[in-house]
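Novice: The structure's right below; bear with me while I get my questions together.
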Amino acid sequence: MPLAEIPPRSGFLQLREAAVCPPAQVLVLPVSGFPIPRQELAPVKSFLRSLTAQIVRKWDLSSEVFIQVEQSDEPEGRALYVRHAPRWIPEIGLGVWLDREPPKPWTKEEFMALQPGDKLRPLMYQVLRVTASPQAGEEAQDVLLAFGPILRAMFHGNGESYLERTRDFLLPPISDPSFTCFPCYVPLLDLKGLASTDSHKLTSWFCGASVYIRESFEDQAILIASCEPLNSILNELGGVYEEQQGPLWRIPAE
């Protein structure tokens, strides 16, 4: 049943399970739009706080928080980023879509093919890494979540090891030197990409991450992708699994 046809239930968040190859699990938390409307934001924030805290506690994971500032042109969100950036100490990185061609410059043929009103494809997808501290990453998620730029990877070990793995995986297919000099490289995935691959490839795409959370403008949703099922953690958060309704999880909204 499409998510739009699932009857809402007051006081609950609804997370649809996407069809992916096990043991991976992908949960889709739809929102009305970005910015997330004020009445929706508080329970979404509370759920993500609780979810990530439980994952860290049970699975002993570390986190890196990234900001896709260019994904949202909302003036309030940009102003909040500028105000907090000195405390977060952002590092410029390159986001790389795993199910698309590697980043490359515009070509003469692309310019020649433009019709009136057409736009060139995005040249690149800038991603900013919050480097100040884990607490700064949590603050960035809280402050900017409403506007849709947050991406979070959770993994065993430390952030530098994770970023070394992402660089080793994402950099080789990029041939143009304009795109090979960034301090860090971050995988970008939407629901289409997550659902179109097998379990082995998905594991390699995660670059060693156990959990990948991204606010996806492409899907108007927050995507929560895990190499292993999150069912026990969702149960601890009061979640109820309803297979006949989607399948989906209903999580009490605080």
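Novice: Between the range 128-153 and the range 207-226, how many Å separate their Cα centres?
Specialist: 14 Å
Novice: Follow-up question, since we're still on this one. Please give me, ordered by residue number, the GluC sites (Glu not before Pro) of the range 158-236 that lie in loop per DSSP and have at most 15 other Cβ atoms within 10 Å.
Specialist: Answer in residue order: Glu218.
Novice: Among Thr180, Thr107, Thr52, what is the fewest-to-most ranking by other Cβ atoms within 10 Å?
Specialist: Numbers: Thr180 14, Thr107 9, Thr52 22.
Fewest to most other Cβ atoms nearby, the residues stand as Thr107, Thr180, Thr52.
Novice: Evaluate the relative contact order of the chain (contact order divided by residue number), counting alpha-carbon pairs under 8 angstrom at least 6 apart; express in whole percent.
Specialist: 34 percent
Novice: I've got another one for you. Collect residues whose amide H, placed 1.01 Å from N in the peptide plane, falls under 5 Å from the amide H of Ser62; neighbours closer than 5 in sequence don't count.
Specialist: Phe155, His156, Gly157
Novice: Can you sort Met154, Met112 from fewest to most other Cβ atoms within 10 Å of each residue's own Cβ?
Specialist: Met112, Met154
Novice: In the chain, which helices (entire DSSP H runs) extend 20 Å or more along their own long axis, judged by Cα positions, while averaging at least -0.5 on the Kyte-Doolittle scale? Please report the intermediate quantities before stating the final value.
Specialist: Working: long enough: 38-59 (31 Å, -0.27).
Long hydrophobic helices here: 38-59.
Novice: At 0.36 nm per residue, and after removing the present C-alpha to C-alpha distance, how many nm does the segment from Ser175 to Val56 gain when stretched out fully?
Specialist: Computed gain between Ser175 and Val56 is 39.2 nm.
Novice: Separate question: Test of understanding: ordering Cys207, Cys227, Cys181 by Cβ neighbours within 10 Å, fewest first, what list do you get?
Specialist: With the fewest neighbours first, Cys207, Cys227, Cys181 line up as Cys181, Cys227, Cys207.
Novice: Determine the alpha carbon to alpha carbon distance for each of Lys104/Lys192; Lys45/Lys104; Lys58/Lys192; Lys108/Lys201 and list only those over 31 Å.
Specialist: Values: Lys104/Lys192 22 Å; Lys45/Lys104 36 Å; Lys58/Lys192 29 Å; Lys108/Lys201 34 Å.
From the list (Lys104/Lys192; Lys45/Lys104; Lys58/Lys192; Lys108/Lys201), the Cα-Cα distance tops 31 Å for Lys45/Lys104; Lys108/Lys201.
Novice: OK, next. Run through the range 102-176 and list the chymotrypsin sites (Phe, Trp or Tyr not before Pro) located in a DSSP loop whose Cβ has at most 14 other Cβ atoms within 10 Å.
Specialist: Trp106
Novice: Another one. On a full-extension model of 0.36 nm per residue, what is the gain between Val82 and Asn158, subtracting their alpha-carbon distance, rounded to one decimal in nm?
Specialist: Between Val82 and Asn158, full extension yields 24.7 nm more.
Novice: Starting from the amide H of Lys104, placed 1.01 Å from N in the peptide plane, find each other amide H under 5 Å away whose residue is 5 or more places distant or on another chain.
Specialist: Counting only residues 5 or more places away or on other chains, the set is empty.
Every read-out reported here was derived from the displayed coordinates using simple, explicitly stated rules and does not represent laboratory data. It should be emphasised that the depicted structure is a prediction, and the values quoted were computed from it without experimental measurement. All Cβ positions, glycine included, derive from the backbone under ideal geometry; neighbour counts span all protein chains shown.
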